[in-house]
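Read-outs: derived from the displayed coordinates by stated rules, not from any lab. All of these numbers come straight from a predicted model, not from anything done at the bench. Every residue, glycine as well, gets a Cβ built from its backbone with ideal geometry; the counts of neighbours run over all protein chains shown.
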Amino acid sequence: MMTRSPQGRTSRLTRPSIAVAAAVAVTAGVVAAAPDAKTAEPSPKLSLIAATTSVTLDSWKEDPGVYLDLGTYLTSENGAFELKVTRKSYKDPVLATQVLRNGKKTTTKALPAGLVKDFSGLPDFAQISVTDAAGKTVLKQTEAFCPNNASGRVRPDAPANSKYPQSCPVNPFTLGSVWGVENGWASNTYAGYYAKPVQLAAGTYTAKISVTKKYRDLFGIANKPQSVKVTVRERSWEEDEEGSGSAARSATPRSSQSAKSAAGHQGHQGHQGHGGHEGHQQASDAPAAASAHAAHGAPARPEAPAARTTGATPTFNVGHGPYPPAPPALPWALKKESLQRQAFSAAKVGDRPGQTDGSRQAPAAEPNAKRPTGKATVPDVPKPDLRSLPAYGITVSDGYEDDPGKDYLAFSANVWNAGPAKLVVDGFRSPGKELMDAYQYFYDAKGKQVGYTPTGTMEWDPRPGHEHWHFTDFASYRLLKADKKESVRSGKEAFCLANTDAVDYTVKNANWHPDNTDLSTACGQENSISVREVLDVGSGDTYTQDLPGQSFDITGLPNGTYYIQVLANPENRLKETNYKNNSALRKVVLGGKKGARTVKVPAHDLVNAN
């Protein structure tokens with residue numbers, strides 16, 4: 001059974017899901033500021049504020065630890081705070097540039113080399129110290145800050161919506177990102193899923209939060225630390241259930257800490273890179289996310305609380321993997337179910353029609369009402385550019401109870417769209433037929449449909465946790481020998497397309513707010529007559545290949561060097577701008593003995609994530 005990993009599963013593989021509405025194109029043609037420019041562009045005024053003077057945080061007996069969501073935010077006035085983060089290739093370091101806008105004029109300011117190491121945020125941005133009731137310092141640490149964190153307006157005349165993406169990408173093979181705090185908005189300095197819990201006994205404390213000096217100097221932030229009273233209370237899932245009965249299931253956590261979870265039930269190490277990311281905080285470094293593969297008994301972890309309309313919660317997509325979402329939008333929402341109950345329920349249920357996180361309806365990509373008519377044509381208009389990322393989240397697994405005695409090489413694979421046009425595929429079903437006929441659509445610069453062409457089929461996948469339509473031959477996976485000739489081929493080549501990962505939001509026409517970020521948006525139901533599946537510009541679709549039939553059977557393979565090949569559009573059925581960048585290779589070295597095989601994953605240029 002194929003799993004689209006919900007966020008990170010033990011040493012198996014893992015999964016981001018971001019969702020929001022309005023599409024915003026990345027502004028091209030940024031003009032670099034002259035090094036000797038005498039007149040600097042007005043910079044946004046950044047300030048650290050505290051939304052509250054006191055918070056209550058929970059530490060669960062079953063999984064002790066406190067997440068320091070202290071309610072501090074970075075505000076941006078006098079313009080938006082915007083950073084463009086890129087790397088030319090995996091051989092090049094990650095560079096960050098501040099983008100300054102003054103009316104129609106745009107200039108840039110390069111940030112110090114080495115300031116950022118990846119795409120997960122500004123490292124060591126916030127300094128936090130905690131003292132107990134006796135005045136003794138019990139904790140002192142720094143935390144990274146993602147400007148795309150949970151955010152909200154701080155004044156009524158601020159823009160109604162933020163144009164910036166809703167999380168910082170953590171896929172180890174991300175190429176470009178845009179971070180920002182909208183003008184008149186504030187972004188939570190708490191790292192959410194990417195933060196680690198701290199050990200604090202029940203009691204009262206005082207937390208002092210400030211921006212570290214290097215960022216105060218760099219961005220002109222005033223040195224005004226914020227002080228917050230912290231009450232840590234110890235709770236127990238069992239006591240809550242027994243003491244409150246059904247009331248516990250509708251109880252409302254008083255802070256994001258109550259989202260904390262079932263991790264103690266989890267044995268979660270992580271994989272990969274898709275997970276909490278790390279430096280790439282691999283899932284082993286960040287709290288794992290929401291649901292697990294019910295069929296194989298992996299325990300589940302609930303998501304951080306999020307507003308019901310933000311889309312900032314994990315989606316329980318079997319196989320899509322593997323990052324946690326951005327922290328939720330302001331204010332922290334209150335869940336109607338106990339988090340533990342919700343997570344385990346989601347793990348059992350899998351995808352439900354139109355339901356992605358148990359609390360909201362995902363906006364579907366509307367298909368054309370009728371089958372295309374007239375002559376099929378491929379017009380001379382912008383087309384998508386499908387590219388493969390190197391495999392990651394690579395680990396050895398057994399065959400579970402389904403295939404005992406076998407060794408499998410599991411991995412995550414991503415195919416993304418570098419644009420400049422989105423990939424749109426519609427499926428149409430003739431009454432009584434099992435397969436849908438699939439068509440690719442083409443659009444002119446104004447978004448008008450100007451052509452279409454047949455491009456294969458879609459098939460219904462009835463397996464539990466799937467139950468949606470897959471577009472066939474979107475990608476294939478092969479394990480190649482050291483001479484790069486095929487050795488083993490994965491059986492998985494049909495997919496429901498979803499924008500699970502922000503791979504490069506700096507490419508032309510990148511959509512910072514893709515709609516279908518999960519399987520339930522456009523994958524249809526068994527009785528669907530038509531389906532539309534979309535892969536937007538700048539986004540990729542990660543599939544976690546970790547079960548027999550989709551991972552590689554290495555039981556009989558000799559030890560040695562191999563290459564995992566991820567191949568997009570293997571039969572060239574989809575029309576795109578470039579067919580020469582569809583393949584990506586990742587070197588692996590197999591070792592060990594049958595039943596105890598091992599895998600070593602060398603760094604891919606500067607990306608050292610397995």
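Each of Arg155 and Lys448 was given a label point 7 Å from its Cα along the Cα-to-Cβ line. The distance between the two points is 4.2 nm.
Considering only the other residues whose Cβ falls under 11 Å of the Cβ of Gly176, what net charge follows from Lys and Arg at +1 and Asp and Glu at -1? Value of the local net charge: +2. For Ala134 and Lys61, the difference between the fully extended length at 0.36 nm per residue and the C-alpha to C-alpha distance is 23.8 nm. Charge tally around Asp157: other residues with Cβ under 15 Å, Lys/Arg +1 each, Asp/Glu -1 each, net 0. Ordering 112-120, 597-605 by mean Cβ neighbour count within 10 Å, with the highest value first, yields 112-120, 597-605.
Taking Cα centre as origin and charging only the Cβ of basic (Lys, Arg, +1) and acidic (Asp, Glu, -1) residues, the dipole magnitude of the stretch 118-191 rounds to 140 debye.
Between the residues Ala482, Ala502, Val424, the greatest Cα displacement towards the positive end of the dipole of the stretch 406-508, with unit charges on the Cβ of Lys, Arg, Asp and Glu, is found for Ala482. For the stretch 107-155, the dipole from Cβ point charges (+1 on Lys and Arg, -1 on Asp and Glu) about the Cα centre works out to 220 debye, to the nearest 20. Within straight cross-link reach of Lys600, meaning Cα distance under 30 Å, which lysines are found once same-chain residues fewer than 8 apart are removed? Once the sequence-local lysines are set aside, what remains near Lys600 is Lys88, Lys91, Lys117, Lys196, Lys406, Lys481, Lys484, Lys485, Lys492, Lys580, Lys587. The calculated FRET efficiency for the pair Ile49 and Glu234, based on their C-beta separation and a Förster distance of 30 Å, comes to about 0.50. Toward the positive end of the charge dipole of the stretch 91-165, with +1 on the Cβ of Lys and Arg and -1 on the Cβ of Asp and Glu, the farthest Cα among Gln141, Ala160, Phe119 is that of Ala160. Relative protection proxy for 442-450, 127-135, 383-391, from highest mean packing down: 383-391, 127-135, 442-450 (other beta-carbon atoms within 10 angstrom). A crude spin-label estimate for the pair Glu526 and Lys196, with each label 7 Å from Cα along the Cβ direction, gives 4.7 nm. Under 9 Å from the Cβ of Thr97, count the other residues' Cβ atoms, weight Lys and Arg +1, Asp and Glu -1, and hand me the total. Net of charged neighbours comes to +2.
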